[in-house]
Amino acid sequence: MPVSRLVLLVAAIACSSALTVSAQPSQPLTTLEPVAEFGRHQPIGVAVSRQNRVFVTFPKKKKEYDMGLAEIVNGQRRPFPDAPWNQWDSTQAASRWVNVQALFVDRNDHLWVLDPANPDDEAPVVAGVELVHINLATNKVERIYRFEDLPRERSGLNDVRVDTEHQVAYLSDPKLAALVVLDLRSGRSRVVLQGHKSVMAAPGFVLRIDGKEVKDKNGKAFSSNVNGIALTHDFRYLYYRAINQTRLYRIATEALRNPASSPAQLAAQVEDLGEVGISHGMLADAAGNVYLTDSPGHAVRRLTPAGRLETVVQDARLLWPDSFGLGADGYLYLTAAQIERTPKWNNGQDRVEYPFRLYRMKL
């Protein structure tokens, strides 16, 4: 083995063992407070700019839909970047929000909007699949990435993180059971780690929340492969995991960025960080903590750089806590999507506790 490869492997093993997850404290570190109410409009993604501008996404549903992306101003939703982008028109999917999923504010305070264009979990409107780059200084779209090199009819992009230093975006795709690496300069993307155990739901794993299995009327259990992702602020590591399993993984982004890396070489760089429970959304902060939502525990946890798993907040109002946004004001914002209480997963019965809300907590 070349010396350089050996050094990398030894370093990876050292980092992995240093991040062995240890026990969490019994008492939460902070409290939860509501920020905004959305009536019957279900929030999913959230992002916060350096000026503490708050943005929230709302999925396209057959009912209760009026906009896909909103800026929250004085507790009220305003269509973003403007009203036309939020006017649903299937014939103009290339310039309209179809089913906005995830948001991310990058190091330059630009907003990235991921729209997999799959309304009501149906097959994607292929012309609409896109990652939209918006300059928040002007509120103007700077570039749209279409993923024309992906099998978009079989894809289901879910989450996104952007490395401004290397001009790369990392995305999760539960349907392809893979990570996607997008070169922001060329617009070309690559599917990586497809089918690797770290991106896959555990066979037969069924979510149980509040004593009830999350299944539809036909007995089919909710299941998702790789879902939430988190990129460290130094851009060195990407953390990721599937919803339907309990382990957290990470990989050095240097390996992901190398198009010459073979599947076997990438697999060798994956670090298994151990058991962290159920989680949907993730976010890394500047101190190196990785925050994870926990729907069965109605909680938010964080993995510290030392490998300690801590309970940040625990609150009965955290019904399927989904996505995070970190503000410059020191608040961590998150959505509560209540997916497990929607009719699809309750034999047609709507058990959602309205209104839907956006929350935050002081770190």
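The values are calculated or read from the model by the stated rules, or taken from the named source; none is laboratory data. What you see is a predicted model; the values in this text were computed from it and never measured. For neighbour counting, all protein chains shown are included, and Cβ atoms are generated from backbone atoms with ideal geometry for every residue, glycine included. Remember, those area values only see protein heavy atoms, side chains included, never the ligands or the DNA or RNA. Shrake-Rupley method; radii C 1.70, N 1.55, O 1.52, S 1.80 Å.
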- Message: Per 0.36 nm of contour for each residue apart, how much would the distance between Ala94 and Asp285 grow if the chain were fully extended, relative to their Cα-Cα spacing?
- Response: 65.4 nm
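Accessible area per residue, 1.4 Å probe, Å², for the chain: what's the number?
Heavy-atom accessible area per residue stands at 42 Å².
Tell me, what is the FRET efficiency for Ala264 and Asp66 to the nearest 0.05, using R0 = 45 angstrom and their Cβ-Cβ distance as r? List each step's numbers first, then the result.
On the way: r = 48 Å, r/R0 = 1.07.
It comes to 0.40.
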- Computed about the Cα centre, the charge dipole of the range 20-177 from +1 Lys/Arg and -1 Asp/Glu charges at the Cβ has a magnitude in debye, to the nearest 20, of 240 debye
- To the nearest 20 debye, what charge dipole does the range 186-270 have about its Cα centre, counting +1 at the Cβ of each Lys and Arg and -1 at the Cβ of each Asp and Glu? 140 debye
- Note on the structure: A correct Karplus calculation of ³J(HN,Hα) over the range 337-346, with 6.51 cos²θ - 1.76 cosθ + 1.60, θ = phi - 60°, whole Hz and x for Gly and Pro, returns 7, 6, 4, 5, 9, 6, x, 4, 9, 9
- Item | Peptides 105-115, 346-356 ordered by average Cβ neighbours within 10 Å, highest first | 105-115, 346-356
- Take the Cα of Ala83, step 7 Å along the line toward its Cβ, and report every residue of the range 39-74 whose backbone nitrogen sits under 17 Å from that point. 66-71
- Label-point separation, Asp109 to Ala316 (7 Å along Cα→Cβ), nm: 4.1 nm
- Message: How far apart, in nanometres, would the label points at Gln51 and Ala328 be if each is projected 7 angstrom from Cα along the Cα-to-Cβ direction?
- Response: 0.9 nm
- Task: Indicate the gyration tensor shape class of the range 206-363 (rounded, prolate or oblate), computed on the Cα atoms with a ≥ b ≥ c the square roots of the eigenvalues: a/c under 1.5 is rounded; otherwise a/b larger than b/c is prolate and the rest oblate.
- Result: oblate
- Query: Roughly what would the spin-label model give for Lys212 and Glu153, points 7 Å off Cα along C-beta, in nm?
  - Reply: 3.7 nm
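Rounded, prolate or oblate for the chain? Axes are the square roots of the Cα gyration tensor eigenvalues, ordered a ≥ b ≥ c, and the cut-off for rounded is a/c under 1.5.
Rounded is the answer for the chain, as its axis ratio a/c remains below 1.5.
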- Long pairs among Lys197/Lys220; Lys61/Lys217; Lys140/Lys175; Lys197/Lys362; Lys62/Lys220; Lys60/Lys197, criterion Cα-Cα beyond 25 Å: Lys140/Lys175; Lys197/Lys362; Lys60/Lys197
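How much of the accessible area of the chain, probe 1.4 Å, is carbon plus sulfur, in whole percent? Each step should come with its number before you reach the end.
Values: 7520 of 15230 Å².
Result for the chain: 49 percent of the exposed heavy-atom area is carbon or sulfur.
Rounded to the nearest 20 debye, what is the charge dipole size of the chain about its Cα centre when +1 sits on each Lys and Arg Cβ and -1 on each Asp and Glu Cβ?
Working: 43 positive and 40 negative charges, 69 e Å.
That gives the chain a dipole magnitude of about 320 debye.
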- Query: Rounded, prolate or oblate: which one fits the range 264-348, using the alpha carbon gyration tensor with axes a ≥ b ≥ c (rounded when a/c is under 1.5, else prolate when a/b beats b/c, else oblate)?
  - Reply: oblate
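Rounded to the nearest 500, what is the 222 nm mean residue ellipticity of the chain from helices alone, with -39500 (n - 2.57) per DSSP H run of 4+ residues and division by all residues? Write down the numbers at each step before the final one.
Details: 3 runs with 28 residues, N = 363.
One gets -2000 deg cm²/dmol as the mean residue ellipticity at 222 nm.
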- Put +1 on the Cβ of each Lys and Arg and -1 on the Cβ of each Asp and Glu in the chain; which of Thr304, Met67, Leu319 then has its Cα farthest toward the positive end of the dipole? Leu319
